[in-house]
There are 2 protein chains.
Amino acid sequence: MNIQDMTRDEWVDHLYDRIHKLLDDGFIRQAQIILEALLPADQAEIFSDLSIVERRQVLMGLPLEDIADILEKLEDEEVAEIASLLPPEQLADILDEMEPDEAADLLGDLTPTDAAQILDLMEDREEIRPLLLHPDETAGGLMTSEYMALGRQMWARNALDAIRDWSPEHEYLYYFVVDKNGTLLGTVSLLQLIKAEPKTEIQDFMDRNVVSAPLSADQEECAKLMSRYDLTALPVIDDDKLLVGVITIDDIVDVLEDEATEDIQRLGGSAPLDKPYLLTSAWEVTRRRIVWLLVLFVTSMLTSNVLAFFEDTLDKVVALAFFIPMLIGTGGNAGSQTTATVIRALGVGEVEKKDTLKVLWHEIQSGLLLGVLVGIAGFFRVFVFEGDLALGLTVGAALAMIVLCSNSVGSLLPVFASLIGVDPALISGPLMSTLVDATGLFIYLSVAKWILGV
Amino acid sequence: MNIQDMTRDEWVDHLYDRIHKLLDDGFIRQAQIILEALLPADQAEIFSDLSIVERRQVLMGLPLEDIADILEKLEDEEVAEIASLLPPEQLADILDEMEPDEAADLLGDLTPTDAAQILDLMEDREEIRPLLLHPDETAGGLMTSEYMALGRQMWARNALDAIRDWSPEHEYLYYFVVDKNGTLLGTVSLLQLIKAEPKTEIQDFMDRNVVSAPLSADQEECAKLMSRYDLTALPVIDDDKLLVGVITIDDIVDVLEDEATEDIQRLGGSAPLDKPYLLTSAWEVTRRRIVWLLVLFVTSMLTSNVLAFFEDTLDKVVALAFFIPMLIGTGGNAGSQTTATVIRALGVGEVEKKDTLKVLWHEIQSGLLLGVLVGIAGFFRVFVFEGDLALGLTVGAALAMIVLCSNSVGSLLPVFASLIGVDPALISGPLMSTLVDATGLFIYLSVAKWILGV
C-alpha cells in the first residue's frame, strides 16, 4: 500500500515493522533516527510494542528528551518496567526533562527506596517534592509546579522578558498574577502581554475574574470547572489562597476519559480497573467483579421467594412460567434504558438533586407510553400464538405495569444514590435489574391470580 | 450562609435569587450589572433559569458581547428561542461578536429563511458562510474560520506585529504556517515567536511535524487525535492539503463528553438523545427507546421456546422453576460486567480488532474463576436451604457454566460488532442479556435433565 493512502494507525504499524526489521538486522542507529523523527505519542506506541531486548537497544543513545517524551506517554506499569532497565543517574536526568507532574507520577510508581534515591540525583528535586504529597486523583496530584507567577506591579515588558528567559517543558498561554505573598489575584494571557503598552503594570489589564481549585478538589471537580469555563489552565490554591500549582488541559482530557471509563465499568457492575484492560490480569479482573456478582446473587434469591409464594398459581397454570424470563427481561431492559440516561444526566450536571420529581414525572409519562405499546405487543403475541385470551390479557397487562414500574425504579434509584452521597453508577445498574426482577414477578403473578382467578 | 463558605453551585444559585428579586422589584439595571460581572458559563446558567419576561428585560441594554457569550454557552434549543426575541439587526450584531463556529451553529438552528436574512445583515458573513457547508459532527462542522495563517518566509517580528493587530474572539497559543498557495506546512507557538530573533524567517524555527484532520473526519476521530498528541488546536485541511480551519480544545472537551454520553445511553439500550435529558419531551424519550425495547421483546420470545422444549422436565421437578430468575439474572450480570469493560476498552483504543483472541482468553480465564466461585455459592444456597443435594449440584454446575458462557458471549459480541462496522455499544448491551437468558436456560435445564435424570 502507498504511504499516501495509509491511515495514521496503518502508518504507525508500518513504521513499527521497519524499526523492528532494522533492529533485527543490527541497524540500531537507523532505527533510532526514524523513532526520533516521530511525535511522542507515536514513539511511545511503537516502543511499547518492541521486545525488552529491542527496547534496551533503542534506549541506548536516544536523546534524553525523547526518552522523557516516550515515558510520559506510556502506561504507568510499562514506565516502571523501563525505569528498571536504566541506571539511576540516567533515569534522574530523564526525569529532569519531563514535566514535573509526570515526573512525580513516575516516582510514585517506583518503590519508596528507589524513588528517594532517584529524587536525590535530580536537579529539579525541589520542584517535584511538593507534588509527591498529594493523592493522585486530586487537584494537588494533577497539578504541575511548572508555572510562572507574575507580580501584579510588574510591567508588561518585564513580564515578557521573564517569560522569554523561561524554558518550560510545556507551552503556556496563560500566566498567573500574584501579590507579594503569593496570593492569586488574576490571570493574563501571553497575547494580552504582547498587546499591552510595554510600561503598563500587569494589574491594570489582568483578568481578575479567575477560577481556581483548592488542593484537595477531586479530579472530576477540576475537569468540570475547566470544561464549564473553557479553561486551558486551572490554578490550584492552598488554604491561604496562595498559588501552588497549575493543572493543564491535557491532563483534564485524560481525566474525562478515565472518569467515563469508570462510569461505564461501574454501570456494567464491576469495580473500575486501575490499568488498561489487556494489562490487567484475569485474576485482578475477577477480584473487581466477584463481590458485586455475589451480592447480586444473594439479592436475586428474593425472586425464588416470590415464586415460592405463588407456587399454587404456577402449579395450576404451568404456561405462566413460560413467560417469566420474557417479562422480567423486558422490565430489566426498560429499567436499564432509564438508569443509563439518568445516571449520565446526573454525571454531566444536566440533572441535579432538586430535579428528582421532574425526572420521576418524565419517566412515568414515557413509562406509560412504552408500557402500553409493549403491553399491546405482548397481548397479541400470546393471544395469536397460544390462542388464549385470558393469558394474553394477563401478559399484556403485566408487561404494561412492569415497564411503568421499571421506569420509576430506574429513575429514582440513581437520584436516591446521589442523595445519600454514593456514586449512582456504582449501585444503580445491576442492583436495579435485581429489584426489577423481583417486583416484576410479583406484578405478573398477582395480575395472573386476579385475571385467571387461580 | 456566608458567601465565603458557599460552593460554586450555591453561589450561582444565590446570585440567581438576587437577580430574580431585583427584576421582580423593577431594578433591571442593577440585575444587569450583577450579570455583567460574571463569567459567561455562570451568566448562561442564571439566564436559562429566568422566565421569558425576565429574559427579555435583561437582554435590553446588556452589552452585545455579553449576550454573545451567553448564547455561546446555552443549549441549541434555548438559543433558537432567545434569537426569536431579538430584532434581526441586533441578532446579526450579536453573531458578529461570537466565535465563527458558534455563530454558524446558531444559524444552523434557525429556519433557512431566517438564517439567510441574518447572515446578509452580518459583517463577518464571508467568514461564516464556508462553515455552514459541513455536517455538524465532522471536522468541517467543528472548526472555526477564525485562525491566523503565517507565511513561511515571514519574519518573527512581522508575525508578532500581525498577531498584535489581530483581535480574535478566542485566544490562541498556536499559529499555522502556510506556503503562498495556503498549503499547511507547520506550526509555531506564540512563545516560539517571542523567543525567536526578530528577523528570523518562520520556516527556520517552525515545527514541521504537524498533525491535521481532513474536512470530513468524524468528530470522535478529531478528539482522539487531539487527546493522543496533546494538542490545543488541530488544523483542518481540504483535499488539496490547503488549511481551511482550526478546531480548538474547548470544542473537543464537549465532544468527548457527548460521545461518552452517547455510549452510556446506547449501553442502556436506547438511541442517544439529541438534547439534554430534561429538555427532551417524554414522547421523544419514548421514541428513542421503543424500537429497541420491542426488538428485545421479540428476541426474548426465544426463552419461552426453550422453556416449552423442557416442559416435561419442569413438570416433573417444579422446584427447578424457582431458580430460573436467579440463574439467568446472574448470567446477565456476568455478561454486563464483561461487555461494559470490553466496549469501553474498544472505545478508547486499549483493545483493537486484532486482540479478539486475547480478549476471549482473558474472559474465559476470569469466567472460569467467577463461575467456580458463584457455583459454590449456588450449591450451598440450595443444599442448605432446600436440603436437596442433587438440586444443589444442578444449580451450582449450571451457574458455573452460565457465568463462563456469559463472559465468552459478552467479550465476543462487542468485538464482533466492531468487526462488522457497527457501534459496539449499540447492539452489545441489551442484546447480550437476551442471548444470555436463552443460552442460560438451555444450560440449566440440560444440566437438570442430566443430573436429576428427568
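Structure above, values below:
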{"read-out": "Pseudo-label separations to other copies for B:Met6 - Cα-to-Cβ vector, 7 Å, nm", "value": "5.7"}
{"read-out": "Three principal axis lengths of the range A:149-255 [C-alpha, angstrom, descending]", "value": "40, 27, 23"}
{"read-out": "Average beta carbon contacts from partner chains per residue of A:186-193, 10 Å cutoff", "value": "3"}
{"read-out": "Within the protein assembly as shown, helix-based [θ] at 222 nm, where runs of 4 or more DSSP H residues each add -39,500 (n - 2.57), nearest 500", "value": "-20500 deg cm²/dmol"}
{"read-out": "Lys, Arg +1 and Asp, Glu -1 on Cβ, resulting dipole of chain A about Cα centre, debye, nearest 20", "value": "2820"}
{"read-out": "Principal axis dimensions, the range B:309-399 - Cα atoms, whole angstrom, descending", "value": "50, 27, 17"}
{"read-out": "Gain on full stretching of the segment that runs from A:His14 to A:Glu221 - 0.36 nm per residue minus C-alpha separation", "value": "70.5 nm"}
{"read-out": "The range A:54-103: Rg to Rh, with Rh as the Kirkwood radius over Cα pairs", "value": "0.91"}
{"read-out": "Residue mean of other protein chain beta carbons inside 10 Å, A:224-230", "value": "6"}
{"read-out": "Expected-Rg normalisation [2.2 N^0.38 Å, Cα atoms] applied to the range B:222-370", "value": "1.53"}
{"read-out": "Label geometry 7 Å along the beta-carbon vector: B:Asp312 inter-copy distances in nm", "value": "3.2"}
{"read-out": "Selection from A:His170, A:Ala115, A:His134 lying farthest towards where the dipole of chain A points positive, charges on Cβ", "value": "A:His134"}
{"read-out": "Top positive-direction residue, dipole computed over chain A with Cβ charges, set A:Ala282, A:Leu393, A:Gly245", "value": "A:Leu393"}
{"read-out": "Spacing of the two label points (7 Å from each Cα toward its C-beta) at A:Leu133 and A:Val298, in nm", "value": "4.2"}
{"read-out": "Within the range B:198-221: backbone nitrogen closer than 12 Å to the B:Arg157 label point (7 Å, Cα to C-beta)", "value": "B:198-201"}
{"read-out": "Listed pairs B:Lys73/B:Lys275; A:Lys224/A:Lys354; A:Lys275/B:Lys224; B:Lys195/B:Lys224 exceeding 21 Å between Cα atoms", "value": "B:Lys195/B:Lys224"}
{"read-out": "Gain on full stretching of the segment that runs from A:Thr183 to A:Ser446 - 0.36 nm per residue minus C-alpha separation", "value": "87.9 nm"}
{"read-out": "Alpha-carbon radius of gyration plus Dmax, which is the widest Cα pair, for the range A:391-454 in Å", "value": "14.3, 45"}
{"read-out": "Cα pair distances of the range B:300-452 binned at 5 Å [whole percent]", "value": "2, 10, 19, 20, 17, 13, 9, 6, 3, 1, 0"}
{"read-out": "Average beta carbon contacts from partner chains per residue of B:300-306, 10 Å cutoff", "value": "6"}
{"read-out": "Magnitude of the charge dipole, the range A:300-452, Cβ model with Lys/Arg +1 and Asp/Glu -1, debye to 20", "value": "240"}
{"read-out": "Amide H partners (placed H, <5 Å) of B:Ile247, local residues excluded", "value": "B:Thr144, B:Leu234, B:Val236"}
{"read-out": "Share of alpha-carbon pairs per 20 Å distance bin for the protein assembly as shown, given as whole %", "value": "13, 41, 33, 12, 1"}
{"read-out": "Separation of the B:His170 and A:Val53 label points, Cα + 7 Å toward Cβ, nm", "value": "5.0"}
{"read-out": "Under-5 Å amide H pairs with A:Leu150, H placed in peptide plane, nonlocal only", "value": "A:Phe176, A:Val177, A:Val178"}
{"read-out": "Restricting the range A:124-198 to trypsin sites (Lys or Arg not before Pro) in coil, as DSSP defines it, with at most 13 other Cβ within 10 Å", "value": "A:Lys180"}
{"read-out": "Relative contact order computed over chain B (Cα-Cα under 8 Å; 6+ residues apart), in percent", "value": "10"}
{"read-out": "Per-selection Rg to Rh, the range A:71-225 - Cα, Kirkwood hydrodynamic radius", "value": "1.04"}
{"read-out": "Per-bin percent of Cα-Cα distances, chain A [10 Å]", "value": "4, 15, 19, 19, 16, 13, 9, 5, 1, 0"}
{"read-out": "Antiparallel DSSP beta bridges within chain A, as percent of all bridges there, nearest 5", "value": "75"}
{"read-out": "Bridge type composition, the protein assembly as shown - antiparallel percent by DSSP, nearest 5", "value": "75"}
{"read-out": "Other copies of A:Ile420: label-to-label distances in nm, shortest first, labels 7 Å along the beta-carbon direction", "value": "4.2"}
{"read-out": "Qualifying chymotrypsin sites (Phe, Trp or Tyr not before Pro) for the range A:261-317 [loop in DSSP, other Cβ within 10 Å: at most 11]", "value": "none"}
{"read-out": "For the range B:3-142, convex hull of alpha carbons as volume per residue, Å³", "value": "112"}
{"read-out": "Residues of the range A:346-387 with amide N under 18 Å of a point placed 7 Å along Cα→Cβ from B:Ser281", "value": "A:359, A:361-371, A:373"}
{"read-out": "Integer Hz, Karplus 6.51/-1.76/1.60 couplings in order for the range B:345-361, x for Gly and Pro", "value": "4, 5, x, 8, x, 6, 10, 10, 4, 5, 8, 3, 5, 4, 5, 4, 4"}
{"read-out": "In the range B:86-136, the GluC sites (Glu not before Pro) that fall in loop regions by DSSP, at most 15 other Cβ within 10 Å", "value": "B:Glu123"}
{"read-out": "Calculated on alpha-carbon atoms, Rg and Dmax of the range A:116-189 in Å", "value": "14.5, 42"}
{"read-out": "Estimated vicinal HN-Hα couplings, Hz - the range A:8-25 in sequence order (Karplus 6.51, -1.76, 1.60; Gly, Pro = x)", "value": "4, 5, 4, 5, 5, 4, 4, 5, 4, 4, 5, 5, 4, 5, 4, 5, 4, 8"}
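Read the figures in this text as sums done on the coordinates, not as results from a lab. The structure presented is a predicted model; accordingly, all values stated were derived computationally and were not measured. Positions of Cβ are backbone-derived with ideal geometry, glycine not excepted, and every protein chain shown enters the neighbour counts.
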